[in-house]
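What follows is a set of notes on a single structure, which appears directly below.
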Amino acid sequence: MTVRIAIVGCGNISRRHAEAYANTGRTELVGVADIVEAKAQELAGKYGGTPYASVTELLAAEDPDLVSVTTPPGSHAEIAIEILAAGKSVLLEKPPVLSLAEMDAVAEAERVSAGSVWVIFQHRHGSGALRAADLLGRGALGRPLVAVCETLWFRPLSYFDPDWRGTWVGEGGGPTLGHGIHQIDLLLHLLGPWRTINATAVRLGRPVEFEDVSMASVIFESDAVGTVINSLLSPRELSRIRIDTSGGTLEVNHVYGYSDGDWTFHPAPDAAKAAALGIDPGVRKTAIESSVADDPWTASAGDDVPSNHEAQISRLIDDLQAGRSHETTLAGTRPTMEFVTALYASAITGRPVHRTDLTPDHPFYQALHGNTPKTELSESFRT
């Protein structure tokens with residue numbers, strides 16, 4: 001079965017979707033849509049399909065099985081709901097929506113539709129994350145204790161030239177929502193539900209309505225603890241997750257996408273080596289390397305699948321053709337949006353937020369700024 005594809009939104013990220021679909025060899029791009037006619041024509045000219053001026057025109061003329069939504073985030077919910085009303089399935093680029101209220105509205109539209117909703121969180125789908133989730137999930141690497149999650153990226157002033165960028169209406173939030181959400185999602189995928197967040201968010205150097213740096217301390221339901229930092233001001237870019245367990249340290253360092261070689265696991269030192277740690281303070285020593293050659297991480301190595309759009313989209317097409325459910329569902333990504341919501345709520349109010357607080361009557365359920373008055377909101381991001 002050839003899967004019929006459409007793409008709504010023909011900006012930069014749409015090319016990643018179009019290329020990934022084409023590389024499967026099992027899809028047909030039947031239509032693309034953008035309110036800027038030239039963008040739709042350009043994408044269609046390169047990857048195929050008929051260009052349209054809107055999702056409404058596209059759905060009236062074509063019969064896609066799956067529609068990728070790659071428009072600016074502020075339009076995701078409305079477009080997804082329209083596609084679902086037509087009985088078609090949706091693949092939402094991250095961030096999937098701008099609030100828990102929007103996420104629940106899309107979920108309700110999915111509930112009554114013949115279509116389904118999935119979300120692009122490609123870092124779940126590289127072979128490294130698949131191995132890590134499996135080994136951590138069954139305790140093979142030990143009990144998680146401490147985690148560090150960093151998205152240290154750099155965006156120049158020119159990045160914010162498009163009028164929708166840097167605004168609550170267009171982007172919904174800063175690097176916490178639009179950039180760090182990738183690593184946050186992977187962290188939660190590996191460590192499971194979180195319980196409490198204490199956060200700070202500041203605006204230091206970019207012309208935005210929200211933060212350009214955020215920091216949070218997290219307590220997980222497992223009692224593990226972690227720190228999360230998101231930045232758009234970091235010239236040497238890095239994406240990192242480190243998880244210290246009772247059995248060792250698992251770490252991945254990359255920028256925008258990892259391969260297996262970006263992951264390492266260092267088993268905990270044996271008793272003799274551990275006893276030597278801290279002796280001769282102030283004397284620089286080489287790192288103590290483990291002599292374990294058959295640790296669970298090394299033993300689990302297989303084919304290297306990088307964490308990119310192609311990894312996830314290829315799996316999605318496999319799943320659709322096999323009649324399976326694709327793992328990265330809308331519901332399965334709600335914990336990530338809850339985390340982001342709680343981080344903003346904590347940063348803006350100056351108080352810790354518990355996951356159980358995030359009910360529909362919570363002030364930040366409707367919007368990540370909590371409908372805080374503009375003057376108070378601006379003050380909350382000042383140092």
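The values are calculated or read from the model by the stated rules, or taken from the named source; none is laboratory data. It should be emphasised that the depicted structure is a prediction, and the values quoted were computed from it without experimental measurement. All Cβ positions, even for glycine, are placed from backbone atoms using ideal geometry, and neighbour counts span all protein chains on display.
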Would you mind telling me which numbered condition in (1) crowded, with 22+ Cβ neighbours inside 10 Å; (2) of a type outside the set (S, T, N, Q); (3) in a loop (DSSP other than H, G, I, E, B) MET103 fails?
(3)
Output the number of residues of region 306-358 satisfying the condition of being surrounded by fewer than 22 Cβ atoms within 10 Å (Cβ to Cβ) and small (Gly, Ala, Ser).
8
For region 59-78, enumerate the residues that are more than 17 Å from GLU37 (Cα to Cα), touching a residue at least 60 places away in the same chain (Cβ under 8 Å) and surrounded by 22 or more Cβ atoms within 10 Å (Cβ to Cβ).
PRO64, LEU66, VAL67, SER68, PRO73
Does at least one position in region 110-118 carry a residue that is of a type in the set (S, T, N, Q), part of a loop (DSSP other than H, G, I, E, B) and without any contact (Cβ under 8 Å) to a residue 40 or more places away in the chain?
yes
Could you list, in sequence order, all residues of region 177-212 that are surrounded by fewer than 24 Cβ atoms within 10 Å (Cβ to Cβ), assigned to a strand (DSSP E or B) and β-branched (Val, Ile, Thr)?
THR196, THR200, VAL202
Any hit, region 323-341, residues being assigned to a helix (DSSP H, G or I), under 26 Å from ARG15 (Cβ atoms) and in contact with a strand residue (DSSP E or B) (Cβ under 6 Å, 6 or more places away or on another chain):
yes
Any residue at all in region 103-116 that's assigned by TED's automatic domain parsing to the domain that holds ALA216 and among the acidic types (Asp, Glu)?
no
Please find, among LEU98, LEU92, the residue that is touching a residue at least 40 places away in the same chain (Cβ under 8 Å), in contact with a helix residue (DSSP H, G or I) (Cβ under 7 Å, 6 or more places away or on another chain), farther than 22 Å from GLU28 by Cβ and not basic (Lys, Arg).
LEU98
Given the conditions (1) at pLDDT below 95; (2) under 20 Å from the mean Cα position of the chain (by Cα), every one holds for LEU358 apart from (1)
One residue is enough: does region 267-283 have a residue meeting the conditions buried (at least 18 other Cβ atoms within 10 Å of the Cβ), within 26 Å of the chain's Cα centre (by Cα) and either free of Cβ contacts under 8 Å to residues at least 40 places away in the same chain or not in a loop (DSSP other than H, G, I, E, B) (or both)?
no
Which of (1) more than 23 Å from the chain's Cα centre (by Cα); (2) surrounded by 13 or more Cβ atoms within 10 Å (Cβ to Cβ) does ALA301 not meet, given it meets every other one?
(2)
Residue hits (region 44-58; out of contact with any Cys (no Cβ under 9 Å at 6 or more places or on another chain), without any contact (Cβ under 8 Å) to a residue 40 or more places away in the chain and not aromatic (Phe, Trp, Tyr)) are GLY45, LYS46, GLY48, THR50, ALA53, SER54, THR56, GLU57
Selection from region 28-40 of residues that are in contact with an Asp or Glu (Cβ under 9 Å, 6 or more places away or on another chain) and part of a helix (DSSP H, G or I)
ALA40
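Do we have any residue at all in region 156-165 that's surrounded by 20 or more Cβ atoms within 10 Å (Cβ to Cβ) and either in contact with a Leu (Cβ under 6 Å, 6 or more places away or on another chain) or assigned to a loop (DSSP other than H, G, I, E, B) (or both)?
Looking only at region 156-165, we keep the residues that are surrounded by 20 or more Cβ atoms within 10 Å (Cβ to Cβ), and these are none.
There is no residue in region 156-165 that is surrounded by 20 or more Cβ atoms within 10 Å (Cβ to Cβ) and either in contact with a Leu (Cβ under 6 Å, 6 or more places away or on another chain) or assigned to a loop (DSSP other than H, G, I, E, B) (or both).
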